[in-house]
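What follows is a set of notes on a single structure, which appears directly below.
The values are calculated or read from the model by the stated rules, or taken from the named source; none is laboratory data. Quick caveat: nothing in here was measured; it's all calculated off a predicted structure. All Cβ positions, glycine included, derive from the backbone under ideal geometry; neighbour counts span all protein chains shown. Ligands, DNA and RNA are excluded from the accessible area calculation, which covers all protein heavy atoms including side chains. Shrake-Rupley method; radii C 1.70, N 1.55, O 1.52, S 1.80 Å.
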Amino acid sequence: PEEQADKLLLASWGLPRAVLEKYHSLGVVQMFEWQAECLMLGHVLEGKNLVYSAPTSAGKTLVAELLILKRVLETRKKALLILPFVSVAKEKKSYLQ
């Protein structure tokens with residue numbers, strides 16, 4: 001359906017222009033269907049828990065980033081993002097700044 005197709009676009013999630021531009025510069029304009037489904041489950045966007053699993057390099061981090069970004073921007077509180085490898089942490093640090 002068209003409504004669900006819109007939810008695949010990062011621009012549909014109310015992120016600031018600077019955040020969207022950064023993702024677009026990295027080639028990320030839309031999500032996979034399963035990623036959007038994760039974000040639409042229950043009350044995840046209001047801070048409820050989400051447990052999801054996907055293969056390596058499937059896009060799990062994007063789901064976490066979007067949830068964190070939306071929550072931090074809406075509540076003006078800090079967030080803690082724990083990553084499994086130093087290389088991933090360095091990568092995320094460079095573009096989340």
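The figures follow:
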{"item": "Options Lys60, Lys93: the member that is closer than 20 Å to Trp13 by Cα, open to solvent by 40 Å² or more (accessible area, probe 1.4 Å) and without any contact (Cβ under 8 Å) to a residue 12 or more places away in the chain", "result": "Lys60"}
{"item": "Residue satisfying all of: in segment 68-83; part of a helix (DSSP H, G or I) and of a type outside the set (Lys, Arg); surrounded by the fewest Cβ atoms within 10 Å (Cβ to Cβ) among these", "result": "Thr75"}
{"item": "Complete set of residues in segment 38-55 that are over 24 Å from Glu91 (Cβ atoms), open to solvent by less than 70 Å² (accessible area, probe 1.4 Å) and not in a loop (DSSP other than H, G, I, E, B)", "result": "Val44, Leu45"}
{"item": "Counted residues, segment 14-37 - those being open to solvent by less than 40 Å² (accessible area, probe 1.4 Å), within 25 Å of Gln97 (Cβ to Cβ), part of a helix (DSSP H, G or I) and at pLDDT 90 or above", "result": "3"}
{"item": "Matching residues in segment 1-41 - criterion: being free of Cβ contacts under 8 Å to residues at least 40 places away in the same chain, small (Gly, Ala, Ser) and out of contact with any Lys or Arg (no Cβ under 6 Å at 6 or more places or on another chain)", "result": "Ala5, Ala11, Ser12, Ala18, Ser25, Gly27"}
